[in-house]
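Heads up: the structure comes next, in structure tokens.
Quick note: the coordinates plus some simple rules give every number you see, no bench work behind them. Remember, it's a predicted structure, so these values are computed and weren't measured experimentally. Every residue, glycine among them, receives a Cβ derived from its backbone with ideal geometry; neighbour counts consider all protein chains shown.
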């Protein structure tokens with residue numbers, strides 16, 4: 001079967017893999033039907049993602065169809081449409097025992113630490129599949145990226161009385177926005193890119209969208225979704241006294257921290273990594289009920305065969321890509 005492998009920076013090549021095996025105990029064989037392209041994929045493609053080594057089969061935002069299940073699997077059947085929880089955790093380490101499976105000490109994320117879903121079929125642990133017959137494959141492929149924002153907002157524990165600043169309106173910043181607006185209506189979004197500002201103004205009425213802010217307290221809760229070390233350092237200056245800062249983006253670069261300011265304002269600095277299993281059924285329900293609309297997000301689409309050529313243009317800032325989706 002065909003798979004697409006990142007062999008080096010900006011080089012995607014089709015390869016032939018052996019056909020996926022029949023599912024064993026606790027497993028399911030799935031056909032990949034839709035793949036979302038996220039910031040992690042783009043960073044990996046550009047050689048900037050610290051956890052991706054070459055060669056690697058990318059792809060962790062997946063909408064899949066179940067083809068067969070192991071004899072002991074009861075919550076799935078052939079033909080089910082599912083989102084994929086792509087975080088392969090051990091279940092035994094300190095973090096897993098705390099229920100923090102997103103921080104497993106030996107975590108392997110599909111398409112990042114291990115080969116992912118840019119292939120025709122694969123076998124996955126059945127408990128990592130979340131079925132939802134009401135949604136199409138494109139919607140299912142966006143559940144994982146939404147889970148990033150869901151987990152980040154859960155980490156912040158926002159109340160309705162608090163105001164929020166989100167720095168960056170890329171795909172991850174937008175996922176934070178989706179869940180922040182379920183918690184409070186006092187949201188400001190800081191974004192340099194005009195196209196992204198226009199997108200937020202069009203689809204998120206009530207959100208204040210700005211191109212710049214002075215270096216002074218702007219919100220009680222500040223999310224930085226840029227993955228830019230200087231922006232992440234500046235987030236400390238934008239948090240109110242007693243405020244909270246959540247780093248959602250990730251960078252290879254050191255983040256300089258103004259420690260006297262951190263102490264003077266008694267700020268809380270949080271990191272947010274991946275998501276947990278409970279986030280997935282919640283998100284499926286929010287999409288199914290119409291509380292989250294994924295349709296405006298998908299700005300660009302392509303067929304699997306065309307991705308190597310199209311990816312070159314999708315990573316350009318002038319491309320206007322909000323979310324690219326690959327169909328198989």
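If you take the Cα centroid of segment 171-187 and the Cα centroid of segment 307-328, the two points sit 24 Å apart. Relative to the 2.2 N^0.38 Å rule of thumb, segment 1-158 has a C-alpha radius of gyration ratio of 1.04. Here r is the Cβ-Cβ distance between residue 257 and residue 277 and R0 is 22 Å; the resulting FRET efficiency, rounded to 0.05, is 0.10. Semi-axes of the equivalent ellipsoid of segment 171-223 are 16, 15, 10 Å, computed as sqrt(5λ) over the eigenvalues of the C-alpha gyration tensor in descending order. On the basis of the beta-carbon distance and an R0 of 45 Å, residue 202 and residue 159 show a calculated FRET efficiency of 0.95.
Using only Cα atoms, locate the centre of segment 259-280 and the centre of segment 37-66, then give the distance between them in Å, rounded to an integer. Value for the Cα centre distance between the two parts: 25 Å. Summary value for the chain: 17 percent relative contact order, contacts being C-alpha pairs under 8 angstrom separated by 6+ residues. Multiplying the residue separation of residue 46 and residue 114 by 0.36 nm and removing their Cα-Cα distance gives an extension gain of 22.7 nm. Here, segment 106-196 yields an orientationally averaged convex hull projection of 8.5 nm² when only Cα atoms define the hull. Sorted from greatest to least, the principal axis extents spanned by the alpha carbons of segment 5-73 come out as 41, 23, 20 Å. Were the residues from residue 94 through residue 19 laid out at 0.36 nm apart, the gain over their Cα-Cα distance would be 23.4 nm.
Compactness of segment 277-328, taken as the C-alpha radius of gyration over 2.2 N^0.38 Å, stands at 1.43.
Considering only Cα atoms, the convex hull volume of segment 226-328 works out to 168 Å³ per residue.
Sorted largest first, the spans of the alpha carbon positions of segment 144-191 along the three principal axes are 27, 22, 13 Å. In a fully extended conformation the segment linking residue 288 and residue 211 would gain 24.4 nm over its present Cα-Cα distance, using 0.36 nm per residue. Segment 215-280 has equivalent-ellipsoid semi-axes of 21, 15, 10 Å, by the square roots of 5 times the alpha carbon gyration tensor eigenvalues, sorted largest first. If you average the alpha carbon positions of segment 233-254 and of segment 81-112, how far apart do those two centres end up, in angstrom? Cα centres, segment 233-254 to segment 81-112: 25 Å. Normalised Debye scattering of segment 149-271 at q = 0.09, 0.14, 0.15 Å⁻¹ gives log10 I(q)/I(0) of -0.21, -0.51, -0.59, counting only Cα atoms as equal scatterers and leaving out solvent.
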